[in-house]
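K.L.:
Just dropping this structure here.
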Ligand SMILES: Cc1cc2nc3c(=O)[nH]c(=O)nc-3n(C[C@H](O)[C@H](O)[C@H](O)COP(=O)(O)O)c2cc1C
């Protein structure tokens with residue numbers, strides 16, 4: 001029997017296959033299917049700061065127009081019957097998932113400012129979330145904002161939350177930092193228990209007829225996992241926090257590589273949207289077989305055995321022999 005168990009954010013998980021935020025992790029039916037197929041934990045879809053802000057503005061408008069008595073005014077907007085639904089239904093979902101599933105449930109917040117998140121974080125914890133993933137989906141588009149200012153936003157948000165909640169907090173990061181490694185160290189110092197590497201930024205497209213910017217979401221491919229694998233290899237052994245590999249993990253071989261370089265878990269989204277929740281059982285079975293064939297007794301034994309700190313040729317991970325690779329094209 002191969003021991004597939006792993007530790008992630010201080011949680012003992014049955015195996016390293018964790019569905020990341022997606023519509024599949026937001027409904028109890030599909031969450032049950034994920035658990036039945038072998039998912040060892042799941043990350044809920046994010047609660048979005050902008051959605052909560054919008055609700056607050058609606059409430060303010062409502063209170064304001066009531067105070068003025070301008071019910072007939074054009075600007076009057078009634079508060080929808082399901083007012084407060086975003087946060088309330090998120091909390092209800094956590095409670096429902098916790099009472100219906102055996103696996104850990106990780107809540108996810110998407111935003112960049114501390115205001116409001118501290119109370120929200122507390123509520124998520126009270127509702128029973130086992131951990132909290134912060135997805136700081138932030139495009140640093142302001143030419144006046146330095147890299148340090150951008151990084152400080154992340155650090156401040158994390159520090160504020162850590163002060164008020166006790167469940168583990170993990171940061172879902174993009175790869176777009178001047179020094180990813182330094183940023184991860186700073187997050188660890190600020191109290192992060194883990195990082196998810198890396199978030200995918202969705203690229204807006206241009207409609208050539210209407211000349212409008214249109215949102216565009218495309219599922220990932222296996223190739224994207226290589227960026228994650230490289231950075232996890234560089235970090236493992238140098239930082240002391242949990243690492244989730246996210247982005248491009250489709251094939252069992254992608255997952256094995258992530259574990260070999262030191263990921264504690266692999267987050268799965270596109271592959272499950274494409275193949276359905278049951279696909280986890282196939283991945284789990286194939287992972288088990290690979291370990292067996294390669295004479296590993298456990299995931300713990302293989303984890304990190306090819307990270308930079310253990311690699312025979314560490315330089316290969318950093319430079320990847322750039323000149324050689326370029327010159328080898330077409331040969
Ligand atoms: C339809 C869809 C919805 C998603 N919703 C969220 C979300 O609410 N919060 C979040 O942090 N990531 C969200 N993601 C990102 C995924 O969790 C994941 O990080 C990303 O797709 C990369 O993993 P993959 O290559 O396995 O798809 C979403 C992705 C998709 C495709």
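K.L.:
Taking neighbour counts of Cβ atoms within 10 Å as a proxy for exposure, in what order, fewest first, do 307, 89 appear?
P.N.:
89, 307
K.L.:
Please compute the contact order of the chain in relative form: average sequence separation of alpha-carbon pairs under 8 Å and at least six residues apart, divided by the residue count, as a percent. Can you show the working numbers first?
P.N.:
Numbers: 553 pairs, mean separation 63.7, N = 331.
Once normalised by length, the contact order is 19 percent.
K.L.:
Right, here's the next one. Tell me the volume per residue, in Å³, of the convex hull enclosing the alpha carbons of the stretch 160-275. Working shown, then result.
P.N.:
Numbers: hull volume 16.7 nm³, N = 116.
Each residue corresponds to 144 Å³ of Cα convex hull volume.
K.L.:
Pull out a ≥ b ≥ c, the square roots of the eigenvalues of the alpha-carbon gyration tensor of the stretch 1-44, then state rounded if a/c is under 1.5, prolate if not and a/b is larger than b/c, and oblate in the remaining case. Each step should come with its number before you reach the end.
P.N.:
Numbers: a/c = 3.07, a/b = 1.66, b/c = 1.85.
Judged from the Cα gyration tensor, the stretch 1-44 comes out oblate (a/c at least 1.5, b/c at or above a/b).
K.L.:
Determine the shape class of the stretch 155-195: with a ≥ b ≥ c the square roots of the Cα gyration tensor eigenvalues, call it rounded for a/c under 1.5, and otherwise prolate if a/b is greater than b/c, oblate otherwise.
P.N.:
Prolate is the answer for the stretch 155-195, as a/c is 1.5 or above and a/b outweighs b/c.
K.L.:
For 184, 306, what's the fewest-to-most ordering of other Cβ within 10 Å of each Cβ? Write down the numbers at each step before the final one.
P.N.:
Numbers: 184 24, 306 18.
In increasing order of surrounding Cβ atoms, one gets 306, 184.
K.L.:
Can you order the peptides 113-119, 215-221 by their average number of other Cβ atoms within 10 Å per residue, highest first?
P.N.:
Values: 113-119: 14.4, 215-221: 10.9.
Answer by packing, highest mean first, reads 113-119, 215-221.
K.L.:
Which order do the peptides 164-170, 205-211 come out in when sorted by mean C-beta neighbours inside 10 angstrom, highest first? Show your work: numbers first, answer last.
P.N.:
Values: 164-170: 18.4, 205-211: 8.7.
Sorting 164-170, 205-211 by mean packing, highest first, produces 164-170, 205-211.
K.L.:
Largest first and in whole Å, give the semi-axes of the stretch 78-234's equivalent ellipsoid, each being the square root of 5 times a Cα gyration tensor eigenvalue.
P.N.:
Details: eigenvalues 146, 106, 65 Å².
Equivalent-ellipsoid dimensions as semi-axes: 27, 23, 18 Å.
K.L.:
Give the Kirkwood hydrodynamic radius (Å, one decimal) of the chain, defined as one over the mean of 1/r across all pairs of different Cα atoms. Mind dumping the intermediate values first?
P.N.:
On the way: mean 1/r = 0.0466 Å⁻¹.
Roughly 21.5 Å, rounded to one decimal.
K.L.:
Turning to a different aspect of this structure: Which peptide among 266-274, 234-242 comes first, and what is the full order, when sorted by highest mean count of other Cβ atoms within 10 Å?
P.N.:
Details: 266-274: 22.2, 234-242: 18.0.
With the highest mean Cβ count within 10 Å placed first, the list reads 266-274, 234-242.
K.L.:
Moving on to the next point. Which value at 222 nm does the chain reach when only helices count, each DSSP H run of 4 or more adding -39,500 (n - 2.57), with the total divided by all residues and rounded to the nearest 500 deg cm²/dmol? Display every interim value, and only then the final one.
P.N.:
Working: 13 runs with 143 residues, N = 331.
Value at 222 nm, helices only: -13000 deg cm²/dmol.
K.L.:
Starting from the Cα of residue 189, step 7 Å toward the Cβ, then list every residue of the stretch 208-247 with an amide N under 17 Å from that point.
P.N.:
238-241
K.L.:
Exposure proxy check: 90, 329 ranked by fewest other beta carbons within 10 Å? Could the numbers behind the result be given before it?
P.N.:
Numbers: 90 25, 329 6.
Least crowded to most crowded, the residues run 329, 90.
Values quoted throughout were computed directly from the atomic coordinates according to the rules given, and no laboratory measurement underlies them. Quick caveat, the model's predicted, so the values are computed rather than measured. Because the Cβ atoms are built from the backbone with ideal geometry, glycine has one as well, and the counts that use them run over all protein chains shown.
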